[in-house]
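Note sheet for the following structure.
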Amino acid sequence: MALSMQQQRDAKAMDSSKYVRYTPEQVEALERVYTECPKPSSLRRQQLIRECPILSNIEPKQIKVWFQNRRCREKQRKEASRLQTVNRKLTAMNKLLMEENDRLQKQVSQLVYENGYMKQQLQSASVATTDTSCESVVTSGQHQQNPTPQHPQRDANNPAGLLAVAEETLAEFLNKATGTAVDWVQMIGMKPGPDSIGIVAVSHNCSGVAARACGLVSLEPTKVTEILKDRPCWYRDCRCLEVFTVLPTGNGGTIELVYMQTYAPTTLAAARDFWTLRYTTGLEDGSLVICERSLTASTGGPAGPPAPNFVRAEVLPSGYLIRPCEGGGSIIHIVDHVDLDVWSVPEVLRPLYESSKILAQKMTIAALRHVRQIAQETSGEIVYGGGRQPAVLRTFSQRLSRGFNDAVNGFADDGWSLMNSDGMEDVTIAINSSPSKLFGTHVNSSTMLSTLGGGVLCAKASMLLQNVPPALLVRFLREHRSEWADCGVDAYSAASLKASPYAVPGARVGGFPGSQVILPLAHTVEHEEFLEVIRLEGGHGFTPDDAVLSRDMYLLQLCSGVDENAAGSCAQLVFAPIDESFADDAPLLPSGFRVIPLDPKSDGQATTRTLDLASALEGPGGARSTGETGSNSYNLRSVLTIAFQFTFENHLRDSVAGMARQYVRSVVGSVQRVAMAIAPSRLGSHLGPKAPPGSPEAVTLARWICRSYRFQTGVELLRPDGQTGDSLLKLLWHHSDAILCCSLKSNASPVFTFANQAGLDMLETTLIALQDIMLDKILDEGGRKVLCSEFSKIMQQGFSYLPAGVCVSSMGRPVSYEQAIAWKVLNEEDSNHCLAFMFMNWSFL
């Protein structure tokens, strides 16, 4: 008993000796070191004890424990801060959802009332039919003559009249944003959450097209108001915005008369402009409101400036409601409601102007994303490469998009004029002999224009695509430039940046192109847009003329809309040659592709994949065959617009025009071949999962893969239900784990030859593009080391299990997997055919 008590006293004394109480001076000294190096080495800790006499009575082990505890406290503090932020977001989102629920309940009540009223009217109408026909006609006529409510006649040419219009606009906008003025339908895939873009809905059965969004941002309402009013910075289709008049109001708000011009999305439609009243004011609850509507003959007010080359469109009451959020930040309600005068465009293009989804993607969601992007940049959550500030990179993206829009539209006041055609109307050539208007005063364009005199030439075309997802097409064009580009034309464009341009009047077909390397520069929060530098590695020039082709060339490239799940999203690939210096004021001459989806229609059109859009504008060119009209197949249609810009010297203008015309025709042909290859084969009346490749080679390979897996591991890869042939291939194709096969060549890097649907999803590619992906490009450094160490075991034993790791998709996104297995695939002669991998439980990080 005495021995036990003595052991307890010794243990207590030992515990008390382990605990060290630091003085404030000691803590201050340790904190200074922690700020410089949170995890010092043992040598650094010993050096610290020698240099700081006040720490001499503390053992190095205790110093190590202090730093461990300090790091733990820092981690806990950050986690607590993160949880508080998430809690504030969830609280605000809960409030937003409750308000949305209240609005929907009001809408349900209104619909129930209208339904009862309609039933009563129908019953009255059935009773009225028992009367004489004359009385029935009179009753019907009186009902039809009820006039639609009109705004009272007023004089809106003075401040009082404009204020009345503004207050009326405010009331109508708030009813759309938080009330039941519009029947809203939530967009697919837009689910609310603390990290989502917000709640997005589009209009149903209303005049014009409308979209609505609600979201959370970590910026104060005044900052959000400033960002949203600067529309050219976030609305890529905005050509210019000018405020003509600013009138202060008695309640502290402002009324502005605003004129805005927007770009046309294709080469075959006129651009739109708007003349609006914009009203900015505050509400009693501290919210800020920016509401807007067009000034028309019905509303009154001063007339807007004339613009002969634009179609005047109308903004119906729209705007932004910015409400302060408890704990900081804002809740934003956005409503965009416009009438784009759809009857002024060709019928084939009308879906572009009738789609609320396209409006939501281009304006409503774009505004919310831009505010979120600024908020995350302000908080330091986004890290950019290349040593560039976020504002500089955003400016590059805006300049690329704006330059491409200028090329597609070719406005006369920018200096553009059309050249004579060569007899075929498929490609339009426009020239600009005053390119300084395009580059602006802040850009140094002297290197792009020869001292001999010249300008900029643009070759552009549009065509209709069928059964080709826009995101898939643009992603293919981005990843496989060699499938459509000509290295000689790239060299000619790159040479325009030099002091003495490479004066090649035609394309160098059959050059020696190298590979392209994508260098990421920046991306938006949700990865819907990428800014990157493309290095075109020079090939091997065998003649003096090939010397320029052997140099590396650089492109600044903007890619957007490659998410196949984004409804109504426009996919775009825009690029411009740059030199190695890549200065902030470098001139950019953008070219590229834009693919805009049209609403699906079962209109029995021909099943051809691509059509010349100009021919579609001529209307039905003849009777359709019975097979075409009777199939009633689902048509996924989209409009592709291509525009390429080149500099030229005056004495070579015609030669460059001929080269550009032929080059665009060549690109159109290449895109048509690509579209045929990547389009889902023979879409039926409904869209289902992608079918597996059905060639005999694929069936045989599936049998070899399953048989080899069973032979090497002793386990069945698929359910042992006696499935063979096509059924076996179907099971392998729809297997939940990613299964990929790569070549086994001793003199070359392994290249993927087959993947099931999960494998294609993991690599974010297609069966066509899969063959250009090498195994070592998707594995990280740790994965390559593991595979090299296990390769001999795989070849001798036949298989090997690989630990959890991370690989990279073809789009550069990291993918984690819990385990992988590699095994040899043997053919009928039991010879090595390929190497198969199965990545289990993979997911994007």
Per residue, in Å², the accessible surface of the range 261-325 once ligands and nucleic acids are set aside, probe 1.4 Å: 33 Å²
Percent RCO, i.e. relative contact order, over the range 196-332, from Cα pairs under 8 Å lying at least 6 residues apart: 23 percent
Percent accessible area from carbon and sulfur atoms, the range 30-77, protein chains only, probe 1.4 Å: 51 percent
Three-way shape call for the range 727-845 based on the alpha-carbon gyration tensor, with the a/c threshold at 1.5: rounded
Å² of accessible area per residue within the range 732-845, as computed with a 1.4 Å probe and no ligands counted: 45 Å²
Distance in nm between pseudo-label sites at residue 418 and residue 841 (7 Å out along the Cβ direction from Cα): 6.3 nm
Extended-chain gain in nm, criterion 0.36 nm per residue less alpha-carbon gap, residue 303 and residue 734: 149.0 nm
Counted charge near residue 740, where neighbours are those whose Cβ lies closer than 15 Å (Asp, Glu -1; Lys, Arg +1): -3
Radius 13 Å from Cβ of residue 39, net charge of other residues (Lys, Arg +1; Asp, Glu -1): +4
Inter-probe distance in nm under a simple model that places probes 7 Å from Cα toward Cβ, at residue 98 and residue 666: 6.5 nm
Tensor-based shape of the range 194-298 (alpha-carbon gyration tensor, a/c under 1.5 rounded, otherwise prolate or oblate): oblate
Spatial separation of Cα centroids for the range 240-260 and the range 57-86, in angstrom: 53 Å
Residue 707-residue 677 FRET efficiency (beta carbon distance; Förster radius 22 Å; 0.05 resolution): 0.15
Relative packing of 71-84, 341-354, which averages over residues the other C-beta atoms within 10 Å, highest first: 341-354, 71-84
Counted charge near residue 535, where neighbours are those whose Cβ lies closer than 13 Å (Asp, Glu -1; Lys, Arg +1): -4
Solvent-accessible area, 1.4 Å probe, carbon plus sulfur percent, for the range 717-845: 50 percent
Accessible-area composition of the range 236-373, carbon plus sulfur, in percent [1.4 Å probe]: 54 percent
Packing rank of 802-814, 551-563, 37-49, where each peptide gets the mean count of other beta carbons within 10 Å, highest leading: 551-563, 802-814, 37-49
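The values are calculated or read from the model by the stated rules, or taken from the named source; none is laboratory data. Computed from a prediction, not measured in an experiment: that's the story for all the values here. Note: ideal-geometry Cβ built from the backbone for every residue, glycine included; neighbour counts use all protein chains shown. Areas reflect the complete protein model, heavy atoms only, side chains present, ligands, DNA and RNA absent. Shrake-Rupley method; radii C 1.70, N 1.55, O 1.52, S 1.80 Å.
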